[in-house]
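All remarks here apply to the structure that follows.
The values are calculated or read from the model by the stated rules, or taken from the named source; none is laboratory data. Since the structure is predicted, the reported quantities are computational estimates derived from the model, not experimental observations. Because the Cβ atoms are built from the backbone with ideal geometry, glycine has one as well, and the counts that use them run over all protein chains shown. Surface accessibility is based on the protein's heavy atoms, side chains included, excluding ligands, DNA and RNA. Shrake-Rupley method; radii C 1.70, N 1.55, O 1.52, S 1.80 Å.
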Amino acid sequence: MLEGIALYLQSKGILTFDPNGVTGDTFIETMPDSPTNAVMLASFGGDEPDIRHPYDTRRFQVLVRGGVDPRPAKARAQAIYDALQGLSGVTLADGTYVVAIGGVQSGPIRVGQDENNRHRFSLNFWVRLKAPTEHRQ
């Protein structure tokens, strides 16, 4: 799911994601020290699944890091919010069918600077997706 979201955001021109390596500026479940301007997508749980229907609600975080000027990182975080908030009825490049995506808060939240004085902004989303199993088709 996270890879599909990264590829979707790349298709919108917001970030650069390399699904086969470590180039680009977007990373899954990790935030390396470089590049300075970077994005991390990480999962953090979700709701209890319904055993009768093949859909799950999961949650994920997007952390946007920038330089010493907070404005570019905040603008990038807002562009990510704008691209994902309300997205529905699409199949992502990794095959994930998104029923809907919604923000947990209404826009980017500043989470302070890292040890190198680089500004960071966080976004949290829930995503309802098709998740069939052997018993939920």
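Quickly run through region 91-118 and pick out the residues that are acidic (Asp, Glu), open to solvent by 30 Å² or more (accessible area, probe 1.4 Å) and touching a residue at least 24 places away in the same chain (Cβ under 8 Å). Can you show your working first?
First pass over region 91-118, keeping only residues acidic (Asp, Glu): 94, 114-115.
Then drop every residue that is not open to solvent by 30 Å² or more (accessible area, probe 1.4 Å), which leaves 94, 115.
Selection gives 94 alone.
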key: strands (runs of 3 or more DSSP E) within region 1-92 that include 2 or more residues among the polar types (S, T, N, Q) and farther than 23 Å from residue 119 by Cα   = 88-91
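Does residue 89 count as modelled with pLDDT of 95 or more and on the phi > 0 side of the Ramachandran plot?
On the way: modelled with pLDDT of 95 or more: yes; on the phi > 0 side of the Ramachandran plot: yes.
In short, yes.
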query = Of the residues that make up region 114-125, is at least one in a loop (DSSP other than H, G, I, E, B) and of a type in the set (Gly, Ala, Ser)?
reply = no
task = Working only within region 119-137, note down all residues that are touching a residue at least 60 places away in the same chain (Cβ under 8 Å), in contact with a strand residue (DSSP E or B) (Cβ under 7 Å, 6 or more places away or on another chain) and open to solvent by 20 Å² or more (accessible area, probe 1.4 Å).
result = 124, 126, 128, 130
In region 61-88, residue farthest from residue 33 (Cα to Cα) [restricted to those that are surrounded by 15 or more Cβ atoms within 10 Å (Cβ to Cβ) and among the β-branched types (Val, Ile, Thr)] = 80
